[in-house]
1. Taking residue B:95 as meeting all but one of (1) over 21 Å from residue A:88 (Cβ atoms); (2) under 10 Å from the mean Cα position of the chain (by Cα); (3) within 12 Å of chain A (Cβ to nearest Cβ), write down the number of the exception.
2. For segment A:51-71: of the residues being more than 13 Å from the chain's Cα centre (by Cα) and of a type in the set (S, T, N, Q), which is farthest from residue A:35 (Cα to Cα)?
3. Of the residues that make up segment B:62-84, is at least one away from every other protein chain (no Cβ under 12 Å), surrounded by 14 or more Cβ atoms within 10 Å (Cβ to Cβ), part of a loop (DSSP other than H, G, I, E, B) and of a type in the set (D, E, K, R)?
4. Can you pull out every residue in segment B:11-41 that is touching a strand residue (DSSP E or B) at 6+ places or on another chain (Cβ under 8 Å) and within 17 Å of residue A:38 (Cα to Cα)?
5. Taking segment A:10-34 on its own, how many of its residues are surrounded by 12 or more Cβ atoms within 10 Å (Cβ to Cβ), within 13 Å of another protein chain (Cβ to nearest Cβ) and part of a loop (DSSP other than H, G, I, E, B)?
6. Filter segment A:46-59 down to the residues that are within 15 Å of residue A:77 (Cβ to Cβ), within 13 Å of chain B (Cβ to nearest Cβ) and not in a strand (DSSP E or B) and list them by number.
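The numbers here are math on the coordinates, done by the rules we state, and not lab data. Bear in mind the structure is a predicted one, so any value in this text is a computation, not a measurement. Note that each Cβ is placed from the backbone with ideal geometry, even for glycine, and that neighbours are counted across all protein chains shown.
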Amino acid sequence: AQSVTQPDIHITVSEGASLELRCNYSYGATPYLFWYVQSPGQGLQLLLKYFSGDTLVQGIKGFEAEFKRSQSSFNLRKPSVHWSDAAEYFCAVAPIKAAGNKLTFGGGTRVLVKP
Amino acid sequence: DVKVTQSSRYLVKRTGEKVFLECVQDMDHENMFWYRQDPGLGLRLIYFSYDVKMKEKGDIPEGYSVSREKKERFSLILESASTNQTSMYLCASSLGPPGGGTKNIQYFGAGTRLSVL
């Protein structure tokens, strides 16, 4: 069965500092990969996705992620964090060829931003 | 923009009540999903539907059922609510079909926070 691990439950970062969130997955073949963000009291918003091709993908709000097949990882980065980036971040995977394209989520990483 | 609307943001119900959570999407999407979100566990799939009147169990279907009579609407039903079903419930939809790249992106509603007392 596929699984997604986000090793860091909480991360605290100062405003203006860089941020990296880790994501590792276990799956038989390369799946589709996603990062979602959830602001307090809100639903999930897609930050970026990887389907194929260039392993460095750009997303919204200045985020990027790098797919590393050899490490089964899809880590999310942002060079300079803004206070509005305080939220919970979820990594997710989906099989490429399966009815319904079910997502499997990691447990989430909550990001706190210090002034 | 895709819009996924969940009928209630907050619900408080009593143990044993039958509970309906409603979700509507306005983009003619084939696939619809119900997840529950609990701290530290991320989102877990309860049920999904890839066509009208078609449904499949997700990872944690016990205690839940679903209904999809129309393409745009997907209902989650708690036949007899229990306290361990207190959670945040999120609905999502995607265009489909499998392997369709951007058609696999799921769009989420704002969630329904359900408390069962």
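1. If we test residue B:95 against (1) over 21 Å from residue A:88 (Cβ atoms); (2) under 10 Å from the mean Cα position of the chain (by Cα); (3) within 12 Å of chain A (Cβ to nearest Cβ), just (2) comes out false.
2. A:70
3. yes
4. Hits for segment B:11-41 are B:34, B:35, B:36, B:37, B:38.
5. Total meeting the criteria: 3.
6. Hit for segment A:46-59 is A:59, nothing else.
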